[in-house]
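Reviewing the structure listed below.
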There are 2 protein chains.
Amino acid sequence: MARTLEIVGEKWALLAVREVFLGNRRFDEMVRRIGAPRDTLASRLRALTGAGILERRQYSEHPKRFEYFLTDAGRDLYPVILTLMRWGDTYLNPGDQPPLVLVHECGEHLLAQVVCEACGKPAAAGTARPLYRESPGN
Amino acid sequence: MARTLEIVGEKWALLAVREVFLGNRRFDEMVRRIGAPRDTLASRLRALTGAGILERRQYSEHPKRFEYFLTDAGRDLYPVILTLMRWGDTYLNPGDQPPLVLVHECGEHLLAQVVCEACGKPAAAGTARPLYRESPGN
DNA sequence: CCAGTAAGTCCAGGATCTGGACTCACCATA
DNA sequence: TATGGTGAGTCCAGATCCTGGACTTACTGG
C-alpha cells in the first residue's frame, strides 16, 4: 500500500485518474476541470503512464496530440475513486446535492462495497482478520 | 472528491488510517510500522481527528496517553484502504506473497467491488454514466 | 540510578508544489 | 496578413510542505 500511494497518492494524481474515468482524456480539459498546475499535471500523467495506470495514445500527428486511457490496472482503482467521491458528498457536503453521481444501467447510484472474494458476502469493517505473511511482530 | 483528498490524500494520512484499521491504535506503534516522521504523523492524526475520521481517546491519565479509533466516517474508507493494498500486491509485487491479507470469517480474502446501490449487481468500470448536477459544461 | 516507553514538539535543510509566462504547431476568421 | 484560439507541454522563482534527528515530560521496571 505504501508503494501504491507513492504513485497514486501524490497531489492531483487521483483527480487525473478520475477525469479519465469520466471520459475527459485530454491535457487541457483536465487542467480546466481539476485546476492543477499544468506543470504538475504533466508530471503526474507521466508517472501514471509509467506505472501502467494510464496509457498515452496519439490522436493527431502534426501537431502531435495525445489522449490518456485507463489500462486494466487503472480500472482496478475504480473503488478508490468512487469511495472518495461518495465520502466527500456524504461527510463534507451533507444535505447538498452531490455535483456528480455515477448511475448504473438500472438508473440507480453506484457504491463500493467490501465483499468476500469467495462467498461474495459483504464484510463489515470489523469482521476481517489481518493475516501477516512476513516478520509480523504480531 | 478534491476536498476528500485534501484530508486523506496527504502523505502518510491513509497509512495512518490503515494502521487503525489493523488495530494499531497508538502513536509510537504507528511510527514504527509506517516509518513516518513523528512530526508529520502527529499533524496527520490531528487533521484526521478534526475531519471526523478518527477519534482520540485517552487511555491513561498521568502520564496522558491516547489511542485512535475509527469513526463511522472512517470505516467508510474501508474500500479505499483495501483496494490500495490489493492493487500494490497485484501490480507492484506480482508473484510475491502479499505481506498482509485480510481474511473473511469464512477463510477467504476480501475484495472491494463496485456494485449498484439498488439492484446490488456488480458494475464494470465502463458501464456507469456520469450525471452532472451543477453547471456541467457537458 | 539507569534504561525504556509513550506521545509528542521543535527545528533547519531539502524536496515538492504553485501560478504565471512562455513555446510550438496548427486552424479559423477577417 | 494579422489576430485570436486550441492543445500539450516546458521553465522558473518563490512558497509550502516534508524530513530526520534531537529534545521534552511523565511515568514504570530492574
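Laboratory data are not the source of any read-out in this text; all were calculated from the coordinates shown. Just so we're clear, the structure is a prediction, and the values are computed from it rather than from any experiment. Glycine also receives a Cβ, built like all others from the backbone with ideal geometry; neighbour counts cover every protein chain displayed.
Listing for the model above:
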read-out: The protein assembly as shown, Cα convex hull volume normalised per residue, Å³; value: 146
read-out: Under 5 Å, built H, 5+ apart or other chain: amide partners of residue A:65; value: A:59, A:60
read-out: Segment B:1-123 - charge dipole about Cα centre, Lys and Arg +1 at Cβ, Asp and Glu -1, debye rounded to 20; value: 420
read-out: Mean shadow area of segment B:1-115, taken as a quarter of the surface of its Cα convex hull (nm²); value: 8.9
read-out: Under-5 Å amide H pairs with residue A:128, H placed in peptide plane, nonlocal only; value: none
read-out: For residue A:96, inter-copy label distances in nm, listed shortest first [label point 7 Å out on the Cα-Cβ vector]; value: 4.1
read-out: Loop-located GluC sites (Glu not before Pro) in segment B:43-138, at most 11 other Cβ atoms within 10 Å (DSSP); value: B:61, B:134
read-out: Semi-axis lengths (Å, descending) of the ellipsoid that matches the C-alpha gyration tensor of segment A:18-65; value: 16, 14, 12
read-out: GNM flexibility winner over chain A from A:127, A:49, A:83 (Cα, springs under 10 Å); value: A:127
read-out: Extreme residue, positive dipole direction of the protein assembly as shown, given options A:51, B:107, A:125 (C-beta unit charges); value: A:51
read-out: Highest-fluctuation residue, B:47, B:128, B:112 considered, GNM on chain B with Cα pairs under 10 Å; value: B:128
read-out: Segment A:20-70: trypsin sites (Lys or Arg not before Pro) in DSSP loop, at most 15 other beta carbons within 10 Å; value: A:26, A:64
read-out: Whole-number D in µm²/s for segment A:83-129 (Stokes-Einstein; Kirkwood sum over Cα pairs; 25 °C, 0.890 mPa s); value: 192
read-out: Normalised contact order of chain A, rounded percent, pairs of Cα under 8 Å and 6 or more residues apart; value: 15
read-out: Sum of -39500 (n - 2.57) over DSSP H runs of 4+, divided by residues of chain B (222 nm, nearest 500); value: -11500 deg cm²/dmol
read-out: Rg over Rh, two decimals, segment A:54-138 (C-alpha only, Kirkwood Rh); value: 1.12
read-out: Exam field: residue B:37 pseudo-label spacings to other copies (7 Å along Cα-Cβ), nanometres; value: 1.9
read-out: For residue B:117, distant residues with modelled amide H under 5 Å away; value: A:109, A:110, A:111
read-out: Cβ neighbours within 10 Å from other chains - mean over A:121-127; value: 6
